[in-house]
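What follows is a single structure, written as structure tokens, with notes after it.
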Amino acid sequence: MVFYVFAMQCISTIAIVRRETNSWRWPLFQLGYMTGTAWVLSFIVYQVGRALGF
């Protein structure tokens, strides 16, 4: 659930950012940043849950 909250949900958002910036740099950065953030936060929540015995 944590990953779902922070990950990129809508592919059309990438298309809009691409059209507005006229470049693939920002949409790819946005996708990578949001996916990386979602993965790291999910990993932290999982590890804390394991440490607490869940």
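The values are calculated or read from the model by the stated rules, or taken from the named source; none is laboratory data. A quick note: this is a predicted structure, and the numbers were derived from the prediction, not measured. With ideal geometry, Cβ positions are generated from the backbone for all residues, glycine too; neighbour counts draw on all protein chains shown.
Quick one: Val5 ticks every box in (1) touching a Leu at 6+ places or on another chain (Cβ under 9 Å); (2) modelled with pLDDT of 95 or more except a single one, so which number is it?
With (1) touching a Leu at 6+ places or on another chain (Cβ under 9 Å); (2) modelled with pLDDT of 95 or more applied to Val5, the lone miss is (2).
If you check Tyr33 against the conditions, is it at pLDDT 95 or above, within 8 Å of the chain's Cα centre (by Cα) and outside any loop (DSSP other than H, G, I, E, B)? Show your work before the answer.
Values: at pLDDT 95 or above: yes; within 8 Å of the chain's Cα centre (by Cα): yes; outside any loop (DSSP other than H, G, I, E, B): yes.
Yes; evaluated as a whole, the condition is true for this residue.
Taking the options Leu41, Leu28, name whichever one is part of a helix (DSSP H, G or I) and in contact (Cβ under 8 Å) with a residue 12 or more places away in the chain.
Values: Leu28 fails: in contact (Cβ under 8 Å) with a residue 12 or more places away in the chain.
Testing whether each residue is part of a helix (DSSP H, G or I) and in contact (Cβ under 8 Å) with a residue 12 or more places away in the chain leaves just Leu41.
Taking only region 44-54 into account, find how many residues are assigned to a helix (DSSP H, G or I) and either surrounded by 14 or more Cβ atoms within 10 Å (Cβ to Cβ) or not aromatic (Phe, Trp, Tyr) (or both). I'd like the intermediate steps shown before the answer.
First, the residues of region 44-54 that are assigned to a helix (DSSP H, G or I): 44-51.
In the following step, the residues that additionally are either surrounded by 14 or more Cβ atoms within 10 Å (Cβ to Cβ) or not aromatic (Phe, Trp, Tyr) (or both) were identified as 44-45, 47-51.
Summing the residues that are assigned to a helix (DSSP H, G or I) and either surrounded by 14 or more Cβ atoms within 10 Å (Cβ to Cβ) or not aromatic (Phe, Trp, Tyr) (or both) in region 44-54 gives 7.
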